[in-house]
1. Being over 20 Å from THR86 (Cα atoms), aromatic (Phe, Trp, Tyr) and in contact with a Phe, Trp or Tyr (Cβ under 9 Å, 6 or more places away or on another chain): is that true of PHE68 here?
2. Report yes if PRO90 is surrounded by fewer than 17 Cβ atoms within 10 Å (Cβ to Cβ), outside any strand (DSSP E or B) and not polar (S, T, N, Q), otherwise no.
3. Which residues, counting only those in region 1-27, are without any contact (Cβ under 8 Å) to a residue 24 or more places away in the chain, among the aliphatic types (A, V, I, L, M) and surrounded by fewer than 14 Cβ atoms within 10 Å (Cβ to Cβ)?
4. Restricted to region 69-87, and to residues that are surrounded by fewer than 12 Cβ atoms within 10 Å (Cβ to Cβ) and not acidic (Asp, Glu), which residue is modelled with the lowest pLDDT?
5. Taking only region 8-24 into account, find how many residues are at pLDDT below 95 and within 19 Å of ALA67 (Cβ to Cβ).
6. Out of everything in region 28-68 that is in a loop (DSSP other than H, G, I, E, B), among the aliphatic types (A, V, I, L, M) and touching a residue at least 12 places away in the same chain (Cβ under 8 Å), what residue ends up being surrounded by the fewest Cβ atoms within 10 Å (Cβ to Cβ)?
7. If a residue must be in contact (Cβ under 8 Å) with a residue 40 or more places away in the chain and closer than 22 Å to LYS9 by Cα, how many such residues does region 80-111 contain?
8. Within region 69-77, identify whether any single residue is under 16 Å from the mean Cα position of the chain (by Cα) and not in a loop (DSSP other than H, G, I, E, B), and answer yes or no.
Amino acid sequence: MTTQLSFSKIENELLPEYRRKIGSAESTEDVKKFYVYTIQDLFRQVFAGRIDLSYGDIALLPDQQPAFAFKKGLNDKEDFSYIWNTSDLPNVVTRFAETAVKHYRHLEKNSKKTEAKIRM
């Protein structure tokens with residue numbers, strides 16, 4: 001039986017602040033930004049300095065499945081691929097992306113309200 005690592009504890013620590021930020025996002029770009037920052041925090045805790053994810057290394061892609069992408073070459077790093085393949089990290093990253101995509105779509109549909117908030 002193989003051991004699977006779990007990062008749901010870190011997810012639960014990050015989730016309240018993430019939901020607050022996503023809920024306060026005034027534009028689709030804010031949603032993307034908050035998603036990337038949260039995944040950076042997640043990776044900082046998961047990899048403890050072994051992998052440093054910069055802002056451009058991850059992207060929220062609301063019109064694709066999965067709704068996120070990492071920079072090329074990240075999968076080639078042994079630390080990353082081992083943890084990605086033997087843990088619940090893909091599920092955690094996906095759940096954060098699903099939350100972001102829902103709010104992204106909401107803001108897309110209500111862009112006039114968003115524009116009015118920005119002008120104020």
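The values are calculated or read from the model by the stated rules, or taken from the named source; none is laboratory data. These numbers come from a predicted model, not from an experiment. Here Cβ is always computed from backbone atoms with ideal geometry, including for glycine, and neighbour counts include all displayed protein chains.
1. Values: over 20 Å from THR86 (Cα atoms): no; aromatic (Phe, Trp, Tyr): yes; in contact with a Phe, Trp or Tyr (Cβ under 9 Å, 6 or more places away or on another chain): yes.
For PHE68, the condition - over 20 Å from THR86 (Cα atoms), aromatic (Phe, Trp, Tyr) and in contact with a Phe, Trp or Tyr (Cβ under 9 Å, 6 or more places away or on another chain) - is not met.
2. On the way: surrounded by fewer than 17 Cβ atoms within 10 Å (Cβ to Cβ): yes; outside any strand (DSSP E or B): yes; not polar (S, T, N, Q): yes.
The answer is yes for PRO90.
3. The answer is MET1, and nothing else.
4. It comes out as ASN75.
5. 1
6. From region 28-68, those in a loop (DSSP other than H, G, I, E, B) are 48-54, 61-67; that's our starting set.
Now restrict to residues that are among the aliphatic types (A, V, I, L, M): 48, 51, 53, 61, 67.
Pick out the ones that are also touching a residue at least 12 places away in the same chain (Cβ under 8 Å) and you get 51, 53, 67.
Values: ILE51: 15, LEU53: 20, ALA67: 19.
Across region 28-68, the extreme among qualifying residues is ILE51.
7. The total comes to 12.
8. Pass one, region 69-77, residues under 16 Å from the mean Cα position of the chain (by Cα): 69-71, 74.
Narrowing the set further to residues that are not in a loop (DSSP other than H, G, I, E, B) leaves 69-70.
Yes, region 69-77 has at least one match.
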